[in-house]
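Okay, so here's the structure we're looking at.
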């Protein structure tokens, strides 16, 4: 989509790791849980307003991230959600959860505790994404 | 799926309205927001562990419910989420939200305020589902 601009709040709270087929891939800058966000490059607000084909592409990206989180982080549950009450730009949270994490069994939305990643750890995650997702992931260092 | 049994907590908090293709359709017994829940009849815990075909069916049901909520309730946003930190049985929340509702812009999960529906209103919703979803919805009064 031309003229796509990432919402300012997402840009502030998250790291833009790269691009998948239709979405930007963001990482919430909070190492307390592995919290990825897919931002389809669209002006639609609801998943269900995307075309059937874009929904299928987005679902494939959700599956990719779900697999990546389960493979690389010590989690026992996934939380997958499109909420958008505060940031209306369509974005899908994929969060790895575990009984040992900072707010289990509560949801992460609305919590304010945050611990930012080190630059080294972010590089590590991005490298692993490149290795495991292959050409489905386009690394975009310095996207924003 | 044979031997499928609805989780006891879902059965306690929700009304079972009927069946769609792969899911039971539940309504959270809380008229403060239109809060529907799809429970695919499976033993898988994560959406992303369903077969591609079951995921596609579930996505179609999510679209159906999203359309139904936008058509019949005064809402301006949808929250669509699979969480399952407390009830692990796979279930997808589809909640109609609005700046005028009881907990906007917070998420509904973790809130305790509830106002149960009247029997009359439940009948009305079920009848409208039957009318608008046609043979995609099988009404199951007294399912539980």
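Any read-out appearing in this document is the output of simple, stated calculations on the displayed coordinates, not a laboratory observation. From a predicted model like this one, the values you see are computed outputs, not experimental measurements. Because the Cβ atoms are built from the backbone with ideal geometry, glycine has one as well, and the counts that use them run over all protein chains shown.
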(request) Please state, as a whole number in µm²/s, the translational diffusion coefficient that the Stokes-Einstein equation yields for the range B:8-139 at 37 °C and 0.692 mPa s, with Rh defined as the Kirkwood radius across alpha carbon pairs. (result) 218 µm²/s
(request) Express the relative contact order of the range A:54-110 as a whole percentage, based on alpha carbon pairs under 8 Å and six or more residues apart in sequence. (result) 28 percent
(message) For Cα pairs less than 8 Å apart in space and 6+ apart in sequence, what is the mean separation divided by the residue count of the range A:8-139, i.e. the relative contact order in percent?
(response) 28 percent
(request) Evaluate Rg over Rh across the protein assembly as shown, taking Cα atoms for both radii and Kirkwood's formula for Rh. (result) 0.96
(request) For chain A, set up a Gaussian network in which alpha carbons nearer than 10 Å are linked by springs, and say which option among A:112, A:51, A:76 fluctuates the most. (result) A:112
(message) What FRET efficiency comes out for residue A:132 versus residue B:124 if R0 is 51 angstrom and r is the Cβ-Cβ distance? Round to the nearest 0.05.
(response) 0.55
(request) Treat each spin label as a single point 7 Å out from the Cα along the C-beta direction, and report the residue B:72 to residue A:103 distance in nm. (result) 3.2 nm
(request) Output the direction-averaged projected area (hull surface divided by four) of the convex hull of the alpha-carbon atoms of the range A:1-68, in nm². (result) 4.8 nm²
(request) Just tell me how shielded A:23-36 is by partners: mean number of partner chain Cβ atoms within 10 Å of each residue's Cβ, no decimals. (result) 0
(request) Name the residue, out of A:119, A:82, A:100, whose mean-square fluctuation peaks in a Gaussian network model built on chain A with Cα pairs under 10 Å. (result) A:119
(message) Please compute the average number of Cβ atoms from other chains found within 10 Å of each residue's Cβ in peptide A:5-15.
(response) 0
(message) Using a 10 Å cut-off around each Cβ of peptide A:65-76, what is the average number of partner chain Cβ atoms that fall inside?
(response) 1
(message) Taking 8 Å as the Cα distance limit and 6 or more residues as the minimum spacing, I'd like the relative contact order of the range A:62-144 as a percentage.
(response) 21 percent
(request) Can you tell me the FRET efficiency between residue A:12 and residue B:11 if r is taken as the Cβ-Cβ distance and R0 is 45 Å, rounded to the nearest 0.05? (result) 0.60
(request) Please report how far the C-alpha centroid of the range A:60-131 lies from that of the range A:1-45, rounded to the nearest whole angstrom. (result) 12 Å
(request) Report the FRET efficiency, 1/(1 + (r/R0)^6), for residue A:29 and residue A:60, where r is their Cβ-Cβ distance and R0 is 30 Å, rounded to 0.05. (result) 0.70
